[in-house]
Amino acid sequence: MFERFRQAEESTTRKFGGTGLGLNIAKQMVELQHGKLEVKSKLGQGSEFYFSLEFKKFFDNNKELKNQHNTLDNELGKLSILLCEDNELNQRLARTVVQNFGFDIDIADNGQLGIELIKKKKYDLVLMDLQMPVQDGYQTTIMIRNELKMSIPIIAMTAHSLVGEQQKCFDIGMNAYVAKPFKQYELLEAIQDVIKKQRASTDQCHEDTSSKVSLEEKLVPIDFTYLDELSGGDADFKKEMMELFIKNVPIDLQELAQAIQEKNQALIKKSAHHMKSSLAMFQLAKGILFLEATEQQSAGEIMDSQLPKNFQDFQTYIQSVILSLKNLL
């Protein structure tokens, strides 16, 4: 039964399907790790498959987690976190983990209840499940960014690791992505990262306000995380992508402006969709949110009357981004 394309009985395939490869593959995987897969079986009673493997222990998980926990507490202090999650087991797990980090946590069973809590209380961070009843994580995030106009950090949490899902989360304005079942240190690192970036951005805004820098002269903080990962540390490639953005995005901006002026919904949708990938390269969440909303509005029968005004703000934002990139070159 451990041989390729061999099953215990010929009737097995007819009744249950399968190809007879599963046990062979499992046996090879165990043997590659210097183990042996064996079986005990009695007709009519059942079968028991078993193996043992030896591994080296490299570090103490609990000690490392404790060190990370203490470091994080010292750096961030007390945080108020909202969890949007419908699964009771996941709620219980997240509550225990987050409280062990030293943070406060409230829980909403779906996105709609989460929105109600956000309106009543100030939170430092949202942990957002993507698949929820009533209102899912995508819809909730779009509401937080577009309707409530809030920049609160949002970390996506999902068990569905679909191709492109992570980028979709970033495109609609989420700040980080953690796959379930999550590891405690991964969640800690994600929380630490987004909170630090949020505080740095807030400090930058305060500096800009106090020095009365005009909107045209204000530099936008650029997130090169995705581009650095993509380029593998190639400085020339990174420079080339920045130059292409400076060269091409103004052309796309002009095309979108003309489409909005002419109320050409098909061209608005096409232009907005085309620009999103360029902005996503530099993690420009504010601009991506506008393009996402514009693309959705263009599919409706009536265009939003505020679109021309919102576009002016978007245009000024992009000009500031280009100025920032030129300043970095």
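Filter the range 228-256 down to the residues that are of a type in the set (Asp, Glu) and in a helix (DSSP H, G or I), then identify the one that is farthest from LEU279 (Cα to Cα). Among them, the one singled out is ASP236. Scanning the range 201-225 for residues that are assigned to a helix (DSSP H, G or I), open to solvent by 60 Å² or more (accessible area, probe 1.4 Å) and at pLDDT below 80 yields ASP203, GLN204, CYS205, HIS206, GLU207, THR209, SER210. Of all positions in the range 188-199, at least one carries a residue that is modelled with pLDDT of 90 or more and either among the basic types (Lys, Arg) or open to solvent by less than 60 Å² (accessible area, probe 1.4 Å) (or both). Screening GLN7 on (1) at pLDDT below 85; (2) touching a Gly at 6+ places or on another chain (Cβ under 6 Å); (3) within 30 Å of LEU117 (Cα to Cα) shows it passes everything except condition (3). Within the range 220-246, the set of residues being closer than 20 Å to PHE311 by Cα and either under 25 Å from the mean Cα position of the chain (by Cα) or free of Cβ contacts under 8 Å to residues at least 24 places away in the same chain (or both) comprises VAL220, PHE245.
Taking the range 85-155 and the helices (runs of 4 or more DSSP H) fully enclosed by it, the elements with 3 or more residues that are open to solvent by 30 Å² or more (accessible area, probe 1.4 Å) and more than 17 Å from LYS180 (Cβ to Cβ) are at 111-120.
The values are calculated or read from the model by the stated rules, or taken from the named source; none is laboratory data. Keep in mind that what you see is a predicted model, and the values were worked out from it rather than measured. Heads up, the Cβs are rebuilt from the backbone with ideal geometry, glycines too, and the neighbour counts pull from every protein chain shown. Accessible surface areas use protein heavy atoms only, side chains included; no ligands, DNA or RNA. Shrake-Rupley method; radii C 1.70, N 1.55, O 1.52, S 1.80 Å.
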